[in-house]
Amino acid sequence: MVEYIEVIVSSVIGTILATAALLAVKKEEYAWIPAIILLLPDLWVNVNYVVYPVLVDIVIVGNILSLKTLSNRPYRGLDYALMTIIGLVSSYALYVPIGSSAVAIASYFGFLLGLFMIISVASYFIIQIGSKPENMDAAVKAIVAFVIATVLFFTGSVVLLSSYFIGSSPPLFMLGYTLALLGIMLEVGAAPMHIWVPDVFTAGDPIPVSILASTIKIMPIIVLVKLMYPILTSLGGFYVSYAFWLTAVMSALSMLIGNVGALTSKEASRVLAYSSVANMGYILAAVAVLINAPAIAPQSSQVLIYALAGLITQLVVNAAGKIGFFTIIKGDYKGSVYSYLLGLSFIGTPPLLGFWSKLFIIISLIYLGPMGLWLAVFLVINSVISVPYYVRLSRDLSVKAPSGMVLYTVALMTAIMLLGVIIPIPALIVSSSKGLLNYLSLPP
C-alpha cells in the first residue's frame with residue numbers, strides 16, 4: 001500500500017504547488033491545465049483495470065470544464081486543484097491493497113477513513129462555490145448534513161472495527177453497520193437520509209450542485225464496500241445476512257422514493273435531485289450483492305464480477321448524467337439532442353452505458369436466487385417508472401443547441417454514455433472488475 005500512498009501524496013502536492021504558482025502570478029484562469037495533467041498519475045496501475053481510473057478522470061475533466069462556466073466564484077483556481085485531488089483519491093481508493101498482518105489491516109482501514117474525510121472536507125468548499133446570499137441557506141444545510149454523515153460513518157466504523165478486532169458481537173455489529181450505512185446514505189443522499197437533497201439541488205448553483213451529485217458520490221460508496229467486504233467475509237453467517245437485508249431494503253426504499261419524487265416534481269433541478277436519490281438506490285443494490293456474495297460460494301466470484309461492474313458503471317453514469325444535465329441548466333436550458341441521450345441512458349435504453357450498468361446489477365441480483373430476484377424485479381419496475389420524467393426533463397432542456405464551454409462539457413458527458421455502443425467497453429469493465437476483486441479480500 002505504501003507505493004500507492006506515495007503516488008497520491010506526490011500528486012496532491014504537485015497539484016497544490018502548480019495551482020499556488022499560477023495564483024501567485026495571477027494566472028488562475030490557466031489553473032485548469034495542470035489540474036488535468038496532474039490527474040494522469042492515477043493511470044499508473046495494472047493495464048487490466050485501467051478502465052476505472054480512466055472513467056473517473058473523464059468525469060473529473062467534465063467537472064473542471066463545467067467550473068469554467070462560472071465567472072465569479074471564491075477559490076478561483078483552487079477549485080480546479082480540489083477536483084484533481086478528489087479524482088485522485090476516488091481512483092486510488094478501489095485498488096489500494098490490503099495487507100495480511102494485523103497492523104497492515106488496521107492501517108488499511110485507517111487509510112480508508114482518511115480518504116472519506118478528504119471527500120467530506122472537499123464537499124464543504126464545493127457547495128460554497130458560486131453561492132449567492134439567497135442560496136447560502138442551501139449551502140449551510142448541505143454542510144450540516146455532511147458533518148452529521150461523517151460523524152455517523154466514523155462512529156459506526158469504529159464500532160464495527162471493535163467488533164472485528166476484539167471479537168464478534170451481533171448487537172455491536174448491528175449498531176456499527178447501521179450507523180455506518182446511514183452515514184454513507186446521508187453523504188450521498190439516498191432515501192430515507194435524503195432530506196437535504198431536494199432543497200440543496202434546487203436552491204444551489206447548478207455547477208457546484210453537479211459536483212455534489214456526481215464525483216463526490218463515488219468515494220463514499222467505494223469506501224463502504226472496501227470497509228465492509230473483508231469484515232463480512234471474515235465474520236460470515238448472521239452478520240452477512242443482516243448487512244444484506246438492511247442494505248437491500250434501503251436500496252428499494254431509495255429507488256421508490258426517488259422515482260416517485262421525480263415523477264411528481266416539476267422544476268428540472270428538483271427532478272434531478274430525486275433522480276439522484278433513485279440512482280443511489282440502484283447503486284446500493286450492487287453494494288448489497290457485494291457484501292452478501294461471500295455467503296454463496298462457489299458462485300460468489302461471478303456474482304462479485306457483475307456486481308462490481310454494475311457498481312462502477314452506475315457511479316460513472318450517474319456522475320456523467322448529472323454533470324451534463326446541470327451544466328445544461330446553467331446554460332439556460334440549452335441541450336438539444338444531448339439532453340435526450342443523457343435521459344435515455346439514465347432510463348437504461350440499450351445500448352447506452354446506462355443500460356449496461358443496470359444490466360450488470362440485475363444479473364448479479366439474479367445470481368443470488370430468490371433473495372436477490374425480488375430486488376432485481378423492483379429495479380426493473382422503478383426503471384419503467386422513471387421513463388416519463390426523464391422524457392419530460394429531456395424535452396424541457398432541449399430548447400436549442402448549447403455553445404462554448406457548456407457545449408464542450410455536455411458533449412464530453414454524452415460521449416461517456418455513448419461508450420456503451422462500443423461493445424468491447426462494457427466487456428472491458430467486466431474483465432477489469434475481475435481483477436479488482438483481488439483488492440477487496442483479505443490476503444490468505
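The values are calculated or read from the model by the stated rules, or taken from the named source; none is laboratory data. Since the model is a prediction, treat every value here as computed from it, not as a measurement. Note: ideal-geometry Cβ built from the backbone for every residue, glycine included; neighbour counts use all protein chains shown.
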Only residues that are at pLDDT below 75, of a type in the set (Val, Ile, Thr) and part of a helix (DSSP H, G or I): list them for the range 59-111, please. 103, 105
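Of all helices (runs of 4 or more DSSP H) completely enclosed by the range 337-402, which ones contain at least 3 residues that are in contact with a helix residue (DSSP H, G or I) (Cβ under 9 Å, 6 or more places away or on another chain) and within 26 Å of residue 266 (Cβ to Cβ)?
337-347, 370-385, 387-396
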Can you find even one residue in the range 180-188 that is surrounded by fewer than 24 Cβ atoms within 10 Å (Cβ to Cβ), in contact (Cβ under 8 Å) with a residue 24 or more places away in the chain and not in a helix (DSSP H, G or I)? no
Scan the range 123-153 for residues that are assigned to a helix (DSSP H, G or I), at pLDDT below 90 and more than 19 Å from the chain's Cα centre (by Cα) and report the count. 10
Pairs with Cβ under 7 Å, 6+ apart, first in the range 396-420 and among the acidic types (Asp, Glu), second modelled with pLDDT of 85 or more and buried (at least 18 other Cβ atoms within 10 Å of the Cβ): 396/268
Single unsatisfied condition, residue 286 versus (1) over 15 Å from the mean Cα position of the chain (by Cα); (2) under 17 Å from residue 367 (Cβ atoms); (3) hydrophobic (A, V, I, L, M, F, W, C): (1)
If I ask for residues that are modelled with pLDDT under 90 and not hydroxyl-bearing (Ser, Thr, Tyr), which ones from the range 385-423 would you list? 395, 396, 397, 399, 400, 401, 402, 404, 405, 406, 407, 423
Restricting to the range 208-242, count the residues that are closer than 30 Å to residue 329 by Cα, among the hydroxyl-bearing types (Ser, Thr, Tyr) and assigned to a helix (DSSP H, G or I). 2
